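Let me begin by presenting the structure, written as structure tokens, before commenting on it.
The values are calculated or read from the model by the stated rules, or taken from the named source; none is laboratory data. Since the structure is predicted, the reported quantities are computational estimates derived from the model, not experimental observations. Here the Cβ positions follow ideal geometry from the backbone for every residue, glycine too, while neighbour counts run over all protein chains shown. Note: accessible area is taken over every heavy atom of the protein model, side chains too, but ligands, DNA and RNA are not part of it. Shrake-Rupley method; radii C 1.70, N 1.55, O 1.52, S 1.80 Å.
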Amino acid sequence: MSSEKNLLKNSIGVSLATLASRIMGLIRVKLEAMALGGGAVASIWFITLMIPNLLRRLLGEGALGMALTPVVAETERDSGIAQVRLYLAQILCVTGAILAACVILVSMIAWLTGHLAPIYGTSDFWQSKRLLGVCQLLPVMMPYAFFICLTGVIGAVLNYAGIFVRPALTALLFNICMICGLAAGVIWQMPSEKLLMFMTILTPLSGAIQLFLMLWMLRICGRFPDFSRAAFCSFAITRKVLKLAAPGIIGYGMLQLSFLVDRSMAIYLGDQAVPALTYVDRIVDLPIGLFAVSFGAVLMASMTHAAADNDWEAMERELNFSIRHVWFIGAPMAAAVIFFHNEIIRVLCLGGKYTLADLEAAKYVAIFYGFGIPFFCSLKVILPAFYSRKDMKRPFYVSMTAIAVNLILNLILMFPLRQGGLALATVIASAVNNSLLLILLYRDGLRIHMKCVISVIRSVSVALFAAWSVWMILPFVRKFSTFGSQFVNDIFILAAVAILFGIIFFAAAFIVHAPEVQEFLYILKRKKRTS
């Protein structure tokens, strides 16, 4: 099997493992909407959860894991697995100490703010229910950041070792815990304050279980950290990893700061803005997490091997192959969200405390975020082309440029388009990020082939054709939705739209000889023969 098809095979395996987690995530979205609604209570929960997640993206799934992968590859090749175990013990201990300090610092700031704001705060903001609610929950929530960041770092090591599916399955635990908590709140009709605290306690518990399972997988593959005295004789390897990761950490930090500014601006726009952005973000995250993140994780490990051998031809092939496939998946997902966001949000959110007014507030957020799906996806497979070569600085500079564009556009667009303007600014900044990174890769000699460009155009064209066709059929579908329950009618319409859209898209892609269809079929046939 060629390296590209092997890349696709591993990515499909991770995607299938991730699919279960994402389905659970969609169930969680529905329960969150029913139990928390789209106003102030939902804002408290989303902002509280956002802060440890910012740390997770920064130190768990971000630059630190990317920097660690090539170092592990180099160490294992030159010194063997025993040395990797020593280095990993040192890196986990240092990272754990940094995380523990961050957790304590953020918790103390939240506790002090929660106690002093009602006394000394004079404006409505400092007296607001949202701020005080976040300050109450955050000290309980923050240990989750410690557990989940170490889980992300270990995941990078497991991916390099060729273990992709089992780490992806651990993400199920968080969604399972959240679904259980939310279901209990809906069934027993818990007061909002009690439900929020219950979910906040479940969050770090799920993180601790995930970390335990990841350490267990390290032991199985023979890479469990060796916490002997020899691991701490010299901290040169930690300094090397942190030096490599520093530009990326700063870049990720600025990106997450930009995200935090986005949500702060959304708070200024009213109670519905943060939930509108967050619920739609969860929907948009489905194709990104299901396929692009999976492809990126596998690609990072594959490109690290190629970079270690100075095999530029293999890196270029894998980059083009990955971009073709993420656009083949991202383009129809984007078209589906743009054309049928109303049907999607009605099924996933409407009901309970989530009202039609909340749905209307999310309309333009869904449309603009929909346009951004292919750009969000492609970024996940472009960055490994830099990180696998230990090139962390240039993506950092590009990220700073994109962040500046995002903040400027936020200020310009948020007033005429409200939360929709914040979404549009994010999409434009992501497109700028993609473009600048591809220009840098072109200068390095990693070129995007014309075959890849044609494939992207074909995928977009086929996706638009499929969406337009189903849009024309939709009025006839609605005539058959005559069930007694409105929720059942909404499910019927969305299911019909999804089936028709899938059939038309793949049929049209097959007719125009899209190579991605044949490549997917090849992997599926091979799996069937070997099963």
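Quick notes on this one:
- Heavy-atom accessible area order for Met178, Met265, largest first, 1.4 Å probe: Met265, Met178
- Taking a sphere under 13 Å around the Cβ of Arg418 and counting the other residues whose Cβ falls inside, with K and R at +1 and D and E at -1, yields a net charge of -2.
- For region 406-528, a/c is not less than 1.5, where a ≥ b ≥ c are the root eigenvalues of the C-alpha gyration tensor, and a/b does not top b/c. That puts it in the oblate class.
- Summing charges over all other residues whose Cβ lies under 13 Å from the Cβ of Glu343, with Lys and Arg as +1 and Asp and Glu as -1, gives +2.
- Shown is the FRET efficiency for Asp444 and Cys180, computed with R0 = 45 Å from the Cβ-Cβ distance and rounded to the nearest 0.05: 0.40.
- Packing around the peptides 135-146, 487-498, taken as the average count of other Cβ atoms within 10 Å per residue, puts them in this order, highest first: 135-146, 487-498.
- Heavy-atom accessible area order for Cys221, Cys377, largest first, 1.4 Å probe: Cys221, Cys377
- Beyond 12 Å, the tail of the calculated P(r) for region 296-353 holds 73 percent of the Cα pairs.
- Were the residues from Ser435 through Ser264 laid out at 0.36 nm apart, the gain over their Cα-Cα distance would be 58.8 nm.
- Candidates Thr200, Cys221, Val186 compared by Cα position along the dipole of region 179-250: farthest toward the positive end lies Cys221, with charges placed on Cβ.
- Placing a pseudo-label 7 Å from each Cα along the Cα-to-Cβ vector at Ser481 and Phe198 gives an inter-label distance of 3.1 nm.
- Cys180 - accessible surface, heavy atoms, 1.4 Å probe, Å² rounded to 10: 80
- In this label model, Ala101 and Ser79 are separated by 2.4 nm, measuring between points 7 Å along each Cα→Cβ vector.
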